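For reference, the structure discussed in these notes is given below.
The values are calculated or read from the model by the stated rules, or taken from the named source; none is laboratory data. Being a predicted model, the structure only gives us computed values, none of them experimental. Counting neighbours? That spans all protein chains shown, and the Cβs are built from the backbone with ideal geometry, glycine included. Note: accessible area is taken over every heavy atom of the protein model, side chains too, but ligands, DNA and RNA are not part of it. Shrake-Rupley method; radii C 1.70, N 1.55, O 1.52, S 1.80 Å.
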Amino acid sequence: MRTTDTSKMTFSKVAPGEGLKKALTMSPEEIIGLITESRLKGRGGAGFPTDLKWTLAAAVNDDLKYVVCNADEGEPGTFKDRVILTEFADLMFDGMTIGARAIGACKGIVYLRGEYTYLRSFLKNKLAERRKDGLLGKNVLGHEGFDFDIEIRMGAGAYICGEETALIESLEGQRGEPRNRPPFPVNTGFMGHPTIVNNVETFTWVPCIVTKGAKWFNDIGTERSTGLKLFSVSGDCGRHGVFEFPMGITIQELLEKVDGTGAKAVQAGGASGRCVPACDFGRTIAFEDVPTGGSIIVIGPDRDMLQVAGNFMEFFLDESCGQCTPCREGNAKLLEGIELLKAGRCSMKYLRELCKLGETMQLASKCGLGQSSPNAFLSIVTKFKDEIMGRTENVTSNA
Amino acid sequence: MLVSEREQLRANIEQRIKDYGNNRSALIPVLQEVQLKYGHVSEYVMQVVADILHIHPVEVYGVVSFYSFIGHKQKGRFVIRLCRTLSCDMQGKDRLARQLENDLGIRFGETTPDGNFTLEWANCLGMCDQGPALLVNERIYTQVTPETVHDILEECRTLFGVYALQEKETQCALPTPAK
């Protein structure tokens, strides 16, 4: 069942250190120029252009800048970062160092989620080795004036800390509540200094792009979503694990590769993503169509869609930071609605009200969590109306 | 706690905060260390940390109550966190939950009377490809079956030599929940 085969991934074909060495012969502007040309977008799911983030941080005049790696991989169904951290940690650290060079940072922080504490000592040893090899510390690889070191900070079991401003709050010793933006972290980040926060996978692609060239990267994928992407596949399919596919792959193609054909739906993008029913399997996985941070949960024909929606709403109710009203109250209401639907006691009028509430949450919530938490509910309610309305109490569910 | 113990604890915390650079960003790492060592963050610790960092104790409480891996309530020596998110749910986490409750004689959110085990839910442990998964303190177990639950608990009991105290295994299976 478990078929993660990392030997075929691009990451295993790029030698650690190679990209970093090459990048250090380039000027910071050239590095950012290369990333611009590759059109690399954030691999955490939001798809923000990496080069833009870096350009903004590089433009600020400050002696102290930070590079933060977001390893708070909490999205349900996502585990690609776990595989990268165990198999390609050096490549990721290379990426962070290149990022530091590009924006002029001297300090890096890996924010590792509390659930991955078992990886901490392994990563610490890796960092110690890098210091010994001159890849970290004073004058990295003999480049006069380029000092950079990385430390690891642990999360403490809060999904919301995957949001970049909440992550920074957490690093500063605060409750992990997202900040108002602007100001953006690129000019007022950790401790008030310019900070770039990028996903583990984003950093790992950087040395690959430097080594293989921007053209290699942007030849793959679609116009607005270039390159390759790691997908975490789980659920009702023959092959679970992490797979590398080009952006712009259709869901049908993906399912064929993981022996998941015949599925009823696919939850793309985890709990905050959308549920795609079988009739839409022709759609592509790309930032402009069905976006995902890599989470693909295949839902088989025997599953109860209300069970799926209910599971996600319980998750959000638990993980909402409670700071803003639409998210704190809205998630509770949506979950109540699901309970009503399960019992077959929800009127069409009330369901419409709930959908409106969901849309309000998408508009009025402060951060990405509240804005995306109704996605699964709304897509399931609209696409699977036949299945969820008018249930009699003893309806057969899966199990 | 003895006065001397308190003084020792205060000195230790002072030292650790200093190691982390004497500013607020030391707060969470220090609380995590306290949590690891004592199984909870007591009011006394919150007061001490607040004094050293020159912040109000309520600020510290705010942080302690926010994060699910740090808490005011005393937890067991082994904290078992079972993943309840969709992929693990689809791979049979409910049966596992029932078996854990049976073998430990407690429900989720509770700690065994001997203070050895706490049972909790977790949100996605990142092991969706090998579910159902559970975390025992820092250690991850994957593809757990109701049958292997017993082995995992047994492993915990022998690990820290509490086996001697645990001769009589909890016999009481819980009655079916009223719901």
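Which condition from (1) in contact with a Leu (Cβ under 9 Å, 6 or more places away or on another chain); (2) modelled with pLDDT under 95 is the one that residue B:130 breaks?
Single failed check for residue B:130: (1).
Quick one: which residue in A:248, A:241, A:157, A:176 is in contact with a Cys (Cβ under 9 Å, 6 or more places away or on another chain), open to solvent by less than 30 Å² (accessible area, probe 1.4 Å) and not hydrophobic (A, V, I, L, M, F, W, C)?
Working: A:248 fails: in contact with a Cys (Cβ under 9 Å, 6 or more places away or on another chain); A:241 fails: in contact with a Cys (Cβ under 9 Å, 6 or more places away or on another chain); A:157 fails: in contact with a Cys (Cβ under 9 Å, 6 or more places away or on another chain).
Answer to the check: A:176.
Applying the selection to segment B:52-70, what residues are facing another protein chain (nearest Cβ under 7 Å) and of a type outside the set (Ser, Thr, Tyr)? Steps first, answer last, please.
First pass over segment B:52-70, keeping only residues facing another protein chain (nearest Cβ under 7 Å): B:62-63, B:66-70.
Answer for segment B:52-70, where residues must be facing another protein chain (nearest Cβ under 7 Å) and of a type outside the set (Ser, Thr, Tyr): B:62, B:63, B:66, B:69, B:70.
Looking at residue A:107, is it at pLDDT 95 or above, of a type in the set (D, E, K, R) and surrounded by fewer than 18 Cβ atoms within 10 Å (Cβ to Cβ)? Before the answer, list the steps.
Numbers: at pLDDT 95 or above: yes; of a type in the set (D, E, K, R): yes; surrounded by fewer than 18 Cβ atoms within 10 Å (Cβ to Cβ): no.
Taking the combined requirement at face value, the residue does not satisfy it.
Given the condition farther than 22 Å from residue A:381 by Cβ and out of contact with any strand residue (DSSP E or B) (no Cβ under 6 Å at 6 or more places or on another chain), answer yes or no: does some residue in segment A:300-320 qualify?
Going through segment A:300-320, the residues farther than 22 Å from residue A:381 by Cβ turn out to be none.
The answer is no; no qualifying residue exists.
Just give me the residues in segment A:357-395 being open to solvent by 50 Å² or more (accessible area, probe 1.4 Å) and in a helix (DSSP H, G or I), in sequence order.
A:357, A:359, A:360, A:362, A:363, A:364, A:371, A:382, A:383, A:385, A:386, A:387 - these are the residues of segment A:357-395 that are open to solvent by 50 Å² or more (accessible area, probe 1.4 Å) and in a helix (DSSP H, G or I).
Restricting attention to segment A:200-215, which residues are more than 14 Å from every other protein chain (Cβ to nearest Cβ) and under 18 Å from the mean Cα position of the chain (by Cα)? Don't jump to the end; show me each part of the working.
Of segment A:200-215, the ones more than 14 Å from every other protein chain (Cβ to nearest Cβ) are A:202-215.
Across segment A:200-215, the qualifying residues are A:202, A:203, A:204, A:205, A:206.
Output the residues belonging to segment B:78-96 that are open to solvent by less than 10 Å² (accessible area, probe 1.4 Å) and either at the interface with chain A (Cβ under 8 Å from one of its Cβ atoms) or of a type in the set (Ser, Thr, Tyr) (or both).
Here is the first cut: in segment B:78-96, the ones open to solvent by less than 10 Å² (accessible area, probe 1.4 Å) are B:78, B:80, B:82-83, B:85-88, B:96.
Within segment B:78-96, B:85, B:86, B:87 meet the criteria.
For every residue, the table says whether it meets (1) among the acidic types (Asp, Glu); (2) touching a His at 6+ places or on another chain (Cβ under 6 Å); (3) within 14 Å of chain B (Cβ to nearest Cβ).
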position	(1), (2), (3)
A:109	no, no, yes
A:123	no, no, yes
A:130	no, no, no
A:134	no, no, no
A:144	yes, no, no
A:159	no, no, yes
A:164	yes, no, no
A:171	no, no, yes
A:187	no, no, no
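Determine whether segment A:140-160 contains at least one residue that is of a type in the set (A, V, I, L, M, F, W, C), outside any loop (DSSP other than H, G, I, E, B), touching a Gly at 6+ places or on another chain (Cβ under 6 Å) and under 26 Å from residue A:267 (Cβ atoms).
Looking through segment A:140-160, at least one residue is of a type in the set (A, V, I, L, M, F, W, C), outside any loop (DSSP other than H, G, I, E, B), touching a Gly at 6+ places or on another chain (Cβ under 6 Å) and under 26 Å from residue A:267 (Cβ atoms).
So, residue A:94, is that one crowded, with 22+ Cβ neighbours inside 10 Å, assigned to a helix (DSSP H, G or I), touching a helix residue (DSSP H, G or I) at 6+ places or on another chain (Cβ under 9 Å) and not β-branched (Val, Ile, Thr) or not? Full working, then the answer.
Values: crowded, with 22+ Cβ neighbours inside 10 Å: yes; assigned to a helix (DSSP H, G or I): yes; touching a helix residue (DSSP H, G or I) at 6+ places or on another chain (Cβ under 9 Å): yes; not β-branched (Val, Ile, Thr): yes.
Taking the combined requirement at face value, the residue satisfies it.
Of the conditions (1) over 24 Å from residue A:160 (Cα atoms); (2) within 19 Å of the chain's Cα centre (by Cα); (3) within 14 Å of chain B (Cβ to nearest Cβ), residue A:342 clears all except one; give me its number.
The single condition residue A:342 does not satisfy is (2).
Could you please tell me which pairs satisfy a Cβ distance under 7 Å, a separation of 6+ or placement on different chains, a first residue in segment B:150-163 that is modelled with pLDDT under 90, and a second residue that is open to solvent by 70 Å² or more (accessible area, probe 1.4 Å)?
Every condition considered, the pairs that remain are B:157/B:163; B:160/B:77.
Can you confirm whether segment A:57-77 contains a residue that is open to solvent by less than 10 Å² (accessible area, probe 1.4 Å) and in a helix (DSSP H, G or I)?
Checked against the condition, which is being open to solvent by less than 10 Å² (accessible area, probe 1.4 Å) and in a helix (DSSP H, G or I), segment A:57-77 yields at least one hit.
Tally time: how many residues in segment A:8-32 are in a loop (DSSP other than H, G, I, E, B) and open to solvent by less than 100 Å² (accessible area, probe 1.4 Å)? Walk me through how you get there before you give the answer.
Kept after step one, since they are in a loop (DSSP other than H, G, I, E, B), are these residues of segment A:8-32: A:9, A:14-17, A:25-27.
From what's left, open to solvent by less than 100 Å² (accessible area, probe 1.4 Å): A:9, A:14-17, A:26-27.
The number of residues fulfilling the criteria is 7.
Quick check on my filter: what residues within segment A:329-353 are among the charged types (D, E, K, R) and either touching a residue at least 12 places away in the same chain (Cβ under 8 Å) or in contact with a strand residue (DSSP E or B) (Cβ under 7 Å, 6 or more places away or on another chain) (or both)? Quick ask: steps written out before the conclusion?
Going residue by residue through segment A:329-353, those that are among the charged types (D, E, K, R) are A:329, A:333, A:336, A:339, A:342, A:345, A:349, A:352-353.
A:333, A:339, A:342 - these are the residues of segment A:329-353 that are among the charged types (D, E, K, R) and either touching a residue at least 12 places away in the same chain (Cβ under 8 Å) or in contact with a strand residue (DSSP E or B) (Cβ under 7 Å, 6 or more places away or on another chain) (or both).
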